[in-house]
1. Could you list, in sequence order, the residues of the range 454-470 that are open to solvent by less than 10 Å² (accessible area, probe 1.4 Å) and either of a type outside the set (Lys, Arg) or assigned to a helix (DSSP H, G or I) (or both)?
2. Considering the range 234-249 alone, what residues qualify as being open to solvent by less than 10 Å² (accessible area, probe 1.4 Å) and more than 17 Å from Asp319 (Cβ to Cβ)?
3. Would you mind stating whether Ile356 is among the aliphatic types (A, V, I, L, M), open to solvent by less than 10 Å² (accessible area, probe 1.4 Å) and more than 11 Å from Thr499 (Cβ to Cβ)?
4. (1) open to solvent by 40 Å² or more (accessible area, probe 1.4 Å); (2) assigned to a helix (DSSP H, G or I): which one isn't true of Thr392, the others all being true?
5. If we keep just the residues of the range 609-640 that are hydroxyl-bearing (Ser, Thr, Tyr) and in a loop (DSSP other than H, G, I, E, B), which is surrounded by the most Cβ atoms within 10 Å (Cβ to Cβ)?
6. Kindly indicate the residue of the range 481-507 that is of a type in the set (A, V, I, L, M) and within 18 Å of the chain's Cα centre (by Cα) and also surrounded by the most Cβ atoms within 10 Å (Cβ to Cβ) among those meeting that condition.
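The values are calculated or read from the model by the stated rules, or taken from the named source; none is laboratory data. Owing to the predicted nature of the structure, the values given are computational and were not obtained by experimental measurement. Positions of Cβ are generated from backbone atoms using ideal geometry, with glycine treated the same way; all protein chains shown enter the neighbour counts. For accessibility, only protein heavy atoms count, side chains too; no ligands or nucleic acids. Shrake-Rupley method; radii C 1.70, N 1.55, O 1.52, S 1.80 Å.
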Amino acid sequence: MDKNPKYSRTNGPKKNGRLKRSGKKKASRTGKKPMWLKILLSFAAALVAALVVGVTVFFVYASSAPKLSEQQLESAGSTVIYDSNGKKIMSLGTENRTYVAEKDIPQQLKDAVISIEDRRFYKHHGVDPWRIVSAAMSNASGSAGLQGGSTLDQQLIKLSYFSTKRSDQTIKRKAQEAWLAINMDRQYSKDQILTFYVNKVFMGDGCYGMQTASKYYFGKTLDKLNLAQTALIAGIPNAPSSYNPYTNPEFAKKRRDDVLNAMVANKKITQAQANEAKQESITTGLVEKNTSKTVTSTEKIADPYIKQVIEEAKKKGYDPYKDSLQIYTNLDMAIQKRLYEIANSDEYLNFPDDNIQVASTVIDPDNGNVVAMLGGRKTGDVTFGLNRAVQTDRTNGSTAKPLMDYAPAIEYLDWATYHPIKDNRYVYPGTNIQLYDFDHQYKGLMTMRQALVESRNVPAIRALAAVGITKAQNFISQMGFNYDKTLEYQNGIGLPSSTLQNAAAYAAFANGGTYYQPQYIKEIVTGDGERKEFSSSFKQVMQSSTAYMITDMLKGVITSPEGTGTRANISGLYQAGKTGTNAYPSDISAKFPDDAAMDSWFNGYTKHYSVSVWVGYDHQYEAGNYLDNNSVALASLFYKNIMTYMSQGKTNTDWRKPSNVYVHYINGVRQLYLAGSAAPSSELSGSSTSSRSSSSETSSSSSGSSSSSESSASSESSSESSSNSSSSASQSSSQPSRPTDDNSSSANSTPPAEPDSQAENQTTNSEKPPQ
């Protein structure tokens, strides 16, 4: 090569420096990457990184997946329900399964299930990425029936191990589900997996497995079904309640036809065969619905409670029929059994006939736990029948007065128990409807305590008017009484409500002003062992002083000679309560005796339990379906029986008076007031009115009723006693007497008529019978 610098590339002639510039330009071309290439490389790097992270996360989650078990795959998807002591009450569906062997599953059923649930079942290995895409496209077009993204393997794993609760469908659960599906596909043949599935799925009406459903719906085995019937059976598991041919024939037919379309698309049947099957009525071959079921005594007794447990589990996102759950409830089986025995035997009460009904709810005031529930009496072996304890189409009569009338007056207006209220002629505002009491008489000026103890109607509505409908409705809405429309004045003596609502609301009086949302379930354990504990939400809905003053007055309902609830009196027990009755509306009252009532209520409580009882007939407007005086007493006597039983072995202490509640005696009657309360009316106090005492007092009284013989000028000790023992001799003369059982009687005796809701020219207390 010529070394002459003259001809070198660097030292040669430089015309305008082009060679130098040309060298730089070439370097630029070889040193820079195009922008599109940079973007592509960045995307690839991000994809690889995401893949690495995803795989790592997948295997981390998969490592904690439950162990694959043939027993778990074969077992029916049964949920077990336990009482508060962890004792089994019942299982949902275990006894209702007829197992079908792999060799006995008809090919037609296999084709139908695979076509609608997982068309590539025999091609994938447990998880099918392509299925997710194809299912989305298929569902969007609607050309071949609806399909989901999960394979049949994954559905089986979910039914066997995991909850179907939407909030549980996490990345972790999906990873574990996929991992188990892949491993299951390695360990078992496709036909074995399909057999597990066919025998496990929930088919509605308590049936598990397709063989069970075939016998239940058509009265024959799977191999005897025609094409249309097979397609129906194959389509039910997706939504058993919606596709039930007995209750939803239209939806069931649509689902059946979707299965037939899917079978055509999967080339398992011809279009002509599908068209012929679609012409068959959905009811063809259906046997008469079988409502009979072998029910154990425990299941029968707990039936209304279990019905609510299942509903509550569903509200929490679980499906007790699809998920294999362990549900631990707040049910006290001993109390539940006693409720049932009081209602269904003649050992405790004398019911006039077998048609009269009773409903009751028992709640723990300290936490909102529903302890027990009675849905009716003489109901036979019906499973999950009408639960009257949660029906809201009857009004609660005068048990509404403490809730809507007097508690808001104390809470918002600082009314004292001696607050004067007129019991005189009253016409509902904006109407010509005059309000009466049971006796069609007026008693003139009286204290709030006397008005509540004697359950006078006019004073209650005057209290409501003083507070205002809006404030009163807002007050009770915090205690579970929620209505779409604005309430009216007549609702101050009757709120459409259930025993569940009433027991929960009165529990707020019992515990010092806190409302707890009623709760049936305390814990749920899913198939993979995950535990979820539940407790009631709560809110302080009134001051403790309001709750105490209401309680103090409601003691007198039970212990005062003038009280309407004397039949609920339990000797020596610190308790409070309120009666309620509904008279027939004036337009039909002439068809019934003058003293006839439609409904009787009693809401009562101690520190340990809040109880609501309703008594009445399902069809209260039919001839003979009315409550006479003896029947009206049943609600109070039912309460007395169950509260006596529940209080055995429990502490028995009085409620402690809050420091902002003061004591005042008027005519020997213990009255309570707040710092903002108005002074006593001279019309009520007379010459025997004492000066206001200090805020401290001995709170060992059990009633505070108007029958007590306190000295009007007595002052009370600053120390409060929480026991049920008598005070010292020096104080005994100033303390209200302990409750006695002098006013109690049997159901056969005739009680005084209870002065509750009755108004002329109105139908306030007329309701439709439970449906």
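1. Let us first name the residues in the range 454-470 that are open to solvent by less than 10 Å² (accessible area, probe 1.4 Å), namely 455-461, 463-464.
Ser455, Asn457, Val458, Pro459, Ala460, Ile461, Ala463, Leu464 - these are the residues of the range 454-470 that are open to solvent by less than 10 Å² (accessible area, probe 1.4 Å) and either of a type outside the set (Lys, Arg) or assigned to a helix (DSSP H, G or I) (or both).
2. Ala234, Gly235, Pro245
3. Details: among the aliphatic types (A, V, I, L, M): yes; open to solvent by less than 10 Å² (accessible area, probe 1.4 Å): yes; more than 11 Å from Thr499 (Cβ to Cβ): yes.
Considered against the rule, which asks whether it is among the aliphatic types (A, V, I, L, M), open to solvent by less than 10 Å² (accessible area, probe 1.4 Å) and more than 11 Å from Thr499 (Cβ to Cβ), Ile356 comes out as yes.
4. Going through (1) open to solvent by 40 Å² or more (accessible area, probe 1.4 Å); (2) assigned to a helix (DSSP H, G or I) one by one, Thr392 breaks only (2).
5. We begin by selecting, within the range 609-640, every residue hydroxyl-bearing (Ser, Thr, Tyr); these are 609-610, 612, 617, 621, 626, 631, 636, 639.
Restricting the remaining residues to those that are in a loop (DSSP other than H, G, I, E, B) gives 609, 617, 621, 626.
On the way: Tyr609: 25, Tyr617: 19, Tyr621: 17, Tyr626: 20.
Result: Tyr609.
6. Narrowing the range 481-507 to residues of a type in the set (A, V, I, L, M): 487, 493, 495, 500, 503-505, 507.
If we keep only those that are within 18 Å of the chain's Cα centre (by Cα) too, we end up with 500, 503-505, 507.
Values: Leu500: 23, Ala503: 31, Ala504: 26, Ala505: 28, Ala507: 27.
Restricting to residues being of a type in the set (A, V, I, L, M) and within 18 Å of the chain's Cα centre (by Cα), the top hit is Ala503.
The rows are residues; the columns are (1) touching a residue at least 24 places away in the same chain (Cβ under 8 Å); (2) touching a Pro at 6+ places or on another chain (Cβ under 8 Å); (3) not small (Gly, Ala, Ser).
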| residue | (1), (2), (3) |
| --- | --- |
| Ala181 | yes, no, no |
| Gly204 | yes, yes, no |
| Gly219 | yes, no, no |
| Lys224 | no, no, yes |
| Ile236 | yes, no, yes |
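For every residue, the table says whether it meets (1) open to solvent by less than 30 Å² (accessible area, probe 1.4 Å); (2) without any contact (Cβ under 8 Å) to a residue 40 or more places away in the chain; (3) in contact with a helix residue (DSSP H, G or I) (Cβ under 9 Å, 6 or more places away or on another chain).
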{"position": "Asp423", "(1), (2), (3)": "yes, yes, yes"}
{"position": "Ala472", "(1), (2), (3)": "yes, no, yes"}
{"position": "Met479", "(1), (2), (3)": "yes, no, yes"}
{"position": "Ala510", "(1), (2), (3)": "yes, no, yes"}
{"position": "Tyr516", "(1), (2), (3)": "no, no, yes"}
